[in-house]
1. What pairs come up if the first residue lies in segment 67-87 and is more than 23 Å from D401 (Cα to Cα), the second is open to solvent by 10 Å² or more (accessible area, probe 1.4 Å) and outside any helix (DSSP H, G or I), and their beta carbons are under 7 Å apart, counting only those six or more places apart or on different chains?
2. Restricting to segment 410-446, count the residues that are aromatic (F, W, Y) and open to solvent by 30 Å² or more (accessible area, probe 1.4 Å).
3. I want to confirm something. Restricting to segment 192-222 and keeping residues that are in contact with a helix residue (DSSP H, G or I) (Cβ under 8 Å, 6 or more places away or on another chain) and among the polar types (S, T, N, Q), which single residue is surrounded by the fewest Cβ atoms within 10 Å (Cβ to Cβ)?
4. Filter segment 188-225 down to the residues that are in a helix (DSSP H, G or I), in contact (Cβ under 8 Å) with a residue 40 or more places away in the chain and among the charged types (D, E, K, R) and list them by number.
5. Does segment 229-248 hold any residues that are open to solvent by 10 Å² or more (accessible area, probe 1.4 Å) and touching a Leu at 6+ places or on another chain (Cβ under 7 Å), and which are they?
6. Quick check: is even one residue across segment 89-111 free of Cβ contacts under 8 Å to residues at least 12 places away in the same chain and open to solvent by 30 Å² or more (accessible area, probe 1.4 Å)?
7. Which of the residues belonging to segment 41-90 are among the aromatic types (F, W, Y), over 14 Å from A153 (Cα atoms) and within 13 Å of the chain's Cα centre (by Cα)?
8. Here are N259, N237: which of them is modelled with pLDDT of 95 or more and more than 30 Å from D172 (Cβ to Cβ)?
Amino acid sequence: MKKILYKYGLWVLLGATACNDFLEIEPQEEIPTELALTKSGIVEGTLISAYADLNSDDFLGERVKLYSELSSENYNFDAVTIDLTDFEGQVISRTTNSFNKDVSSLWINGYSAIAKSNNVLGALADNLIEDKVLTEEEKNSWQGEALFIRAVAHFEIVRLFAKPFSARPDSDLGIPIRIKSLVEDEKILRSTVAAVYDRVIMDLKAAAVLLPANNGNRATSWAAKAYLARVYFNQLNYGEAFSTAQDIIDNSGFNLEGNALTAFKNRGNTPPEGGVILQAINESGFNSKFAASGNNTYPLSSGTGSISELITSDPNDFRATLVTTNARGNQFTTKWDDGGVNIPLIRFAEILLIHAESSLLKASADLDAARSSFDMVRGFSVTPYSPTSLAGDDLIGAIRDERRIELIGEGERYHDLKRLMSDDIRGLPYDDEGLLLTIPLEETSGNQDLNQNG
């Protein structure tokens, strides 16, 4: 789902260098700066190119979600042939190395989005634009968008390349924090996990203030708040996760509509339906590795306590009807079968489930709020439905099961296991170094003092 047109357009604006330059390994925090960002079109083009990197299939559009899902217990890897020379096979078997080009592409795209966002922020802060006086609304929006992109990229990279916040955030190594354009030969080492989260939260809070409530398919104030709720949730800061989610529920105007597939049927550069808060526009096709109809796709795990058993446990659940069995007896969900649709990046259903679980885990538990949000999600797909009377651990368990069902294939299960400090993430405890992706050679070769995983 790479935004080729956007990338090409930016290189035309900047003046592409000779092809041989692409053969040189450069630190991935740097992007071409031969042409100062003095034109409004170049600044906005850089911002759009940052979106392209963020939403590409090498980052949020596929790979971030794919690698998270392949690290969870939701799939039956015994039903597929795992090739240890294959990039996905290395993720499944936890044998990635610094030469894995797909992991490298994930890192590069994330930090490229960060670098371009920093260039936009620098141009705005230094008043470099000469051809146009930006309105306050334009300047705020561009600044907010750049902060949003920078925050999201840092957050998704730290979740895959560093230990979770639930471990030892004040001492565990996170990732390099890059909040400005680097000078020549400047190297930045890994900050702690806590420091990365602090920066992400700071950027998202600022973005939420600067961004408009409506901004087409670009970042909005509600998208920033939705991502902020996700960050707080992963930080185990359930009080802030609750209040941020409550704000979205009360004031954003988002709701659940259609059915459980509606959010996965949006096409083109149009407003999304189905409670999608932010989506990545699909420009070149999308072939999910979890589609029932695809080749070389990963089937659901089955058996007692498995995701397939969980989804199909209630015949009144619409989502149970999406589970299909192929001729080999492998089960899939047809949720991801349509390859021409936009990719939901964060949805209202997730906010409701964050709100439900946080309601019970925050300092002053709110049983009614937890039940209400849980009922909204489960009642949307189950017909007929009776509001839950569960409480305590039973309700928390039901909410967590609902997250697993509702968000299957969206990249959150692996991070939930780490957040909940599971001692068995496909055989490894939540804080094991073996769960982490390996930092790519392109980064370590240009920054040899950077600590490697493993």
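The values are calculated or read from the model by the stated rules, or taken from the named source; none is laboratory data. Just so it is clear, the structure is predicted and the values come from calculations on it, not from any experiment. Cβ atoms come from the backbone with ideal geometry, glycine included; neighbour counts cover every protein chain shown. We work out accessible area using only protein heavy atoms, side chains counted, and drop any ligands, DNA or RNA first. Shrake-Rupley method; radii C 1.70, N 1.55, O 1.52, S 1.80 Å.
1. Correct list of pairs: A79/N330; V80/Y298; L84/T95.
2. Number of matching residues: 1.
3. My answer is N215.
4. R199, D203
5. If the condition is that a residue be open to solvent by 10 Å² or more (accessible area, probe 1.4 Å) and touching a Leu at 6+ places or on another chain (Cβ under 7 Å), then Y238, T244 are the ones that fit.
6. Scanning segment 89-111 turns up at least one residue that is free of Cβ contacts under 8 Å to residues at least 12 places away in the same chain and open to solvent by 30 Å² or more (accessible area, probe 1.4 Å).
7. If the condition is that a residue be among the aromatic types (F, W, Y), over 14 Å from A153 (Cα atoms) and within 13 Å of the chain's Cα centre (by Cα), then Y67 is the only one that fits.
8. On inspection, the qualifying residue turns out to be N259.
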